[in-house]
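I have placed the structure first, in the form of structure tokens, so that the comments after it can refer back to it.
The values are calculated or read from the model by the stated rules, or taken from the named source; none is laboratory data. As the structure is a prediction and not an experimental result, all values here were calculated from the model. Don't worry about glycine lacking a Cβ; one is built from the backbone with ideal geometry, like all the others, and counts go over all protein chains shown. Keep in mind that these areas ignore ligands, DNA and RNA; they rest on the heavy atoms of the full protein, side chains included. Shrake-Rupley method; radii C 1.70, N 1.55, O 1.52, S 1.80 Å.
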Amino acid sequence: MTAAPAQRTPSWRRRRRRAVLWGWLFLTPLVVLFTAFSLWPIVASWWYSFFAWDGVGPPEVWVGLGNFAEALQASSFWNAFWNSFVFSLGALLVEFPLALCFALLLNSVLLRGRNLYRLALFLPVVATTAVIGLVLAIMLAPVGGVVNEALLTLGIVDRPINFLGDPDIALPTLVGIDIWKGFGITLIYWLAAIQTVPKDLYEAARLDGAGARQQLVNVTLPVVMPIAVVIFLLTFQRSLNTFELVQAVTGGGPVFATDVLPTYIYRYAFDAEMAAPRYGFACAVGVLFGLFTLIITLMQSPALAGRLRRSAS
Amino acid sequence: MTIVSPSTTVRTDPTAPPSRPNRGRASGDRRRIRWWHLFLLPFCFLWVYPFLWMISASFKSRQEMLIGGLHLWPQDWTFDNFRRAWTIGRFGEYTGNTFTFAITALVITVVTASLAGYALSAKDLPGRKIVMGVLVAAMFIPHGYTIIPVFELVNALGLQNGLLGAALAQAAPGLVVPVLLYVGFFGGVPKELGEAARVDGAGYLRTFVSVMAPLAKPVTGTVVLMSFIGSWNAFFVPLVFTLGRPDLRTLGVGMYNFFGTDTTDWTGLAAGASISVIPIVILFLFLQRTFVEGIAGAVKS
């Protein structure tokens, strides 16, 4: 092969055809895997949701919207829905702003040891959720658990708190653990966002006599806002995927007090204690879950569209 | 453990004199910001406390655990918990499975994403826009509940009796970010480099294998680390795919089952937890920069 000039000569055409062929050959694994394990399952789960199907043989009993109607009329569904929503509220009202405060603080070059603080706050992120969740469950145990022991010793409570066994306290406890676990990610997102602010903007603001607070309000926050939308969305989506923590620590109990939509779906599809799995119903709830997420995502779409366009190009 | 270091390194700070005294406002700010240590130190100590407790408990005897007490330092160090967890709790087996699962998923991710990323970095490839559009859109479309069709697919392929099916189910949906990272990298490589390779007689495949792929090592490092930690910590996919195969369980699933069958052996559970958490924490401590940049990249791009 020679280095021909970029003209439409026969040899140029031959080489270009070859490059296109190779390009698509390189793309094949991605296209196959992504279609088979990501795109097709989305479509298939919509299709299955119209059937009463226990997973044996192909789905045959068409029930139309029956699964959806059943879910929407079941109080257990709305219970799980509400609990999932509580997890999102915790993430968006507590974790999201709190992580911003910590990021602003830990971004300051004047603060010594900031890297170690970041490391400490990030540590829960790298631990397996199911495993560290169970460690916390042991620590929070009403009898012999280290947390209750400390609270009793310090005289803060006079009876041990049943953090995970009391239906009224279990959900807030899990939301707290979830925030502890995910805080580091949101913190890193915010730090990354803050670091996109050009340094000379601060210089200019300082020359104009702006103090630290004015720099925050007039420089940092306006620049960070567009990225905040993405962080908000990522935090929201993560907060809905609480399956691992809830399934491992409480299994949705006590008395479904911590049941979230992912554990609700899992129970109908895979729980060995049920007589027969109800794949169709589980898929229908999954579709409802997806629609709910989609609606909330779309509510932010005007802000998001701008960023998408920029990152796709 | 390295984790304790925040409290030891910075503790002296609030009382120490500023290193460079009196440089106008900067030193005033520095003095003011020092007060935050009074809040940050205890806060971060509580934050990492579960890890300290876990490590401490896994070296305590069962009697010491029963008596209770808040001491983190075990009175009599014992390795019996690890022995119990490794053999009776089958954590040895689970560790092997977790490695198999994580490395399979990693290989799938790196090969698929680097090939696709290189192909997509050619701006004139027909169909490029469609593929990129679908990938980026898929990142934002909620996935709902797709594990059932994936489960069906793996069964149909006859892969339900090993960890390959689970690794595929784990790796495939997570391909988008790695692909975009590779596209970004290869897109920034000067065109002259590819031209030069072609002048030297290298074809498309050869250019990729001996010029482009070695160049992309930094990206590959990030992808490898993200993918490995992600699969090591995966719970949902391995749980579903090992429901009928207890011998294929990974550490997370194994811990879940151990807890379900023996809720009283706290020190054994703590040892099991340490076996699954400590390796990944050490890996993270060594490569934290790569990992954090990988996560931050998801926001920036």
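Here are some notes:
- The numbered conditions (1) in a loop (DSSP other than H, G, I, E, B); (2) touching a residue at least 24 places away in the same chain (Cβ under 8 Å); (3) within 13 Å of another protein chain (Cβ to nearest Cβ); (4) of a type outside the set (A, V, I, L, M, F, W, C) are all true for B:Gly201 except (2).
Let's see how each residue does on (1) buried (at least 22 other Cβ atoms within 10 Å of the Cβ); (2) at pLDDT below 90; (3) of a type outside the set (S, T, N, Q):
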| position | (1), (2), (3) |
| --- | --- |
| B:Val177 | no, yes, yes |
| B:Pro190 | no, yes, yes |
| B:Leu193 | no, yes, yes |
| B:Ala196 | no, yes, yes |
| B:Ala202 | no, yes, yes |
| B:Leu205 | no, yes, yes |
| B:Thr220 | no, no, no |
| B:Leu225 | no, yes, yes |
| B:Phe228 | no, no, yes |
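- Taken over the stretch B:230-251, the criterion of being without any contact (Cβ under 8 Å) to a residue 40 or more places away in the chain and open to solvent by less than 10 Å² (accessible area, probe 1.4 Å) is satisfied by B:Phe235, B:Leu239.
- Search result, residues across the stretch A:32-49 that are more than 14 Å from B:Val131 (Cα to Cα) and either open to solvent by 50 Å² or more (accessible area, probe 1.4 Å) or not in a helix (DSSP H, G or I) (or both): A:Trp40, A:Val43, A:Trp46, A:Trp47, A:Ser49
- Taking the conditions (1) farther than 30 Å from A:Ala141 by Cα; (2) more than 10 Å from every other protein chain (Cβ to nearest Cβ); (3) surrounded by 15 or more Cβ atoms within 10 Å (Cβ to Cβ) in turn, A:Ile161 satisfies each one other than (1).
- Selection from the stretch A:97-116 of residues that are in a helix (DSSP H, G or I), without any contact (Cβ under 8 Å) to a residue 12 or more places away in the chain and not basic (Lys, Arg): A:Pro97, A:Cys101, A:Leu105, A:Asn115, A:Leu116
- Considering the stretch B:43-63, and only residues there that are open to solvent by 20 Å² or more (accessible area, probe 1.4 Å) and more than 27 Å from the chain's Cα centre (by Cα), the residue that is modelled with the highest pLDDT turns out to be B:Ser61.
- Residues in the stretch B:126-148 that are at pLDDT below 85 and within 19 Å of B:Phe208 (Cβ to Cβ): none.
- Candidates B:Asn97, B:Asn81, filtered to the one that is open to solvent by less than 30 Å² (accessible area, probe 1.4 Å), at pLDDT 90 or above and away from chain A (no Cβ under 11 Å): B:Asn97
- Checking each residue of the stretch B:47-58 against the condition of being out of contact with any helix residue (DSSP H, G or I) (no Cβ under 6 Å at 6 or more places or on another chain), assigned by TED's automatic domain parsing to the domain that holds B:Phe236 and without any contact (Cβ under 8 Å) to a residue 12 or more places away in the chain gives no match.
Yes/no matrix, rows are residues, columns are (1) away from chain B (no Cβ under 11 Å); (2) open to solvent by less than 40 Å² (accessible area, probe 1.4 Å):
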{"residue": "A:Arg18", "(1), (2)": "no, no"}
{"residue": "A:Leu30", "(1), (2)": "no, yes"}
{"residue": "A:Phe51", "(1), (2)": "yes, yes"}
{"residue": "A:Ala71", "(1), (2)": "yes, yes"}
{"residue": "A:Ser88", "(1), (2)": "yes, yes"}
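- Among residues of the stretch A:104-139 being of a type in the set (Val, Ile, Thr) and more than 7 Å from chain B (Cβ to nearest Cβ), the one that is surrounded by the most Cβ atoms within 10 Å (Cβ to Cβ) is A:Val125.
- Test result for A:Gly55, touching a residue at least 24 places away in the same chain (Cβ under 8 Å) and more than 7 Å from chain B (Cβ to nearest Cβ): yes
- Of all residues in the stretch B:100-118, those satisfying the criterion of being crowded, with 19+ Cβ neighbours inside 10 Å and among the hydroxyl-bearing types (Ser, Thr, Tyr) are B:Thr104, B:Thr109, B:Thr112, B:Ser114, B:Tyr118.
- Residues that are closer than 27 Å to A:Phe243 by Cα, of a type in the set (Val, Ile, Thr) and not in a helix (DSSP H, G or I) within the stretch A:156-204 comprise just one, A:Ile161.
- Filter result for B:Phe185 (in contact with a Leu (Cβ under 9 Å, 6 or more places away or on another chain), open to solvent by 50 Å² or more (accessible area, probe 1.4 Å) and in the same structural domain as B:Thr109 (by TED's automatic domain parsing)): yes
- Candidates A:Ala212, A:Ala193, filtered to the one that is within 17 Å of A:Asn107 (Cβ to Cβ) and open to solvent by less than 10 Å² (accessible area, probe 1.4 Å): A:Ala193
- When the stretch B:113-131 is filtered for residues that are among the hydroxyl-bearing types (Ser, Thr, Tyr) and more than 17 Å from A:Arg16 (Cβ to Cβ), only B:Ser114 remains.
The rows are residues; the columns are (1) more than 29 Å from B:Ile280 (Cα to Cα); (2) of a type in the set (Phe, Trp, Tyr); (3) within 19 Å of the chain's Cα centre (by Cα).
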residue	(1), (2), (3)
B:Thr98	no, no, yes
B:Ala105	no, no, yes
B:Ser121	yes, no, no
B:Pro126	yes, no, no
B:Ile130	yes, no, no
B:Ile147	no, no, no
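- Taken as a whole, the structure leaves B:Gly133 outside the set of residues that are assigned to a loop (DSSP other than H, G, I, E, B) and assigned by TED's automatic domain parsing to the domain that holds B:Phe185.
- Only one of the listed residues (A:Leu221, A:Leu233) is of a type in the set (A, V, I, L, M), within 12 Å of another protein chain (Cβ to nearest Cβ) and over 30 Å from A:Val63 (Cβ atoms). That residue is A:Leu233.
- Residues that are part of a loop (DSSP other than H, G, I, E, B) and surrounded by fewer than 22 Cβ atoms within 10 Å (Cβ to Cβ) were ranked within the stretch A:141-154; the one that is farthest from the other protein chains (Cβ to nearest Cβ) is A:Pro142.
- Qualifying positions in the stretch A:139-171 - farther than 22 Å from B:Ser56 by Cβ, free of Cβ contacts under 8 Å to residues at least 60 places away in the same chain and not small (Gly, Ala, Ser): A:Ile156, A:Val157, A:Asp158, A:Arg159, A:Ile161, A:Asn162, A:Ile169
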